[in-house]
1. Select from the stretch 19-51 the residues that are among the acidic types (D, E) and not in a loop (DSSP other than H, G, I, E, B) and write down the one among them that is most open to solvent (accessible area, probe 1.4 Å).
2. Of all residues in the stretch 52-63, count the ones that are assigned to a loop (DSSP other than H, G, I, E, B) and buried (at least 17 other Cβ atoms within 10 Å of the Cβ).
3. Take the stretch 78-98 and flag every residue that is touching a strand residue (DSSP E or B) at 6+ places or on another chain (Cβ under 6 Å) and of a type in the set (V, I, T).
4. Can you tell which of A72, A77 is in contact with a Leu (Cβ under 9 Å, 6 or more places away or on another chain), part of a helix (DSSP H, G or I) and open to solvent by less than 20 Å² (accessible area, probe 1.4 Å)?
Amino acid sequence: MALAMLTACEAGGGFLPEGAVEVTENRVNDFLSPTGARYDMRTYVVPFERPYYITVRSARRTLTFDQDSRSASAAAAAYISTRGCDGNLSRLSSQDKYDSANEVWTIVISC
């Protein structure tokens with residue numbers, strides 16, 4: 001199952017499943033999240049599968065695991081709700097990953 005196999009993404013950090021491709025029209029730099037933090041956001045999908053894999057990188061400062069897990073999740077949900085989710089958002093937090101080397105969260109959301 002491709003969803004269970006997460007691998008490191010070479011371009012920009014984060015952890016993505018094998019076969020994931022970026023949805024370039026969803027790319028946003030300096031996204032203002034509901035918490036007031038600003039993030040650079042990228043969306044990835046595995047063709048013909050759900051969910052969305054959203055990489056979240058701070059636009060202003062470094063991300064840390066302890067400080068930003070909730071903030072990154074809230075930002076990802078707000079971001080994707082207007083960019084492809086036509087139903088109810090469903091967080092798959094057990095699949096979220098933090099790339100400490102690149103300070104990038106990969107947040108997983110289905111809809």
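The values are calculated or read from the model by the stated rules, or taken from the named source; none is laboratory data. Predicted model, so just to flag it, every value in this text is computed and none were measured. Every residue, glycine among them, receives a Cβ derived from its backbone with ideal geometry; neighbour counts consider all protein chains shown. Side chains included, ligands, DNA and RNA excluded: accessible areas come from the protein's heavy atoms. Shrake-Rupley method; radii C 1.70, N 1.55, O 1.52, S 1.80 Å.
1. Top of the filtered list is E25.
2. Looking only at that region, the number is 1.
3. Answer for the stretch 78-98, where residues must be touching a strand residue (DSSP E or B) at 6+ places or on another chain (Cβ under 6 Å) and of a type in the set (V, I, T): just I80.
4. Only one candidate qualifies: A72.
Table: residues versus (1) over 15 Å from the mean Cα position of the chain (by Cα); (2) of a type in the set (A, V, I, L, M, F, W, C).
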| residue | (1), (2) |
| --- | --- |
| G14 | no, no |
| P17 | no, no |
| V21 | no, yes |
| R27 | no, no |
| F31 | no, yes |
| P34 | yes, no |
| D40 | no, no |
| V46 | no, yes |
| E49 | yes, no |
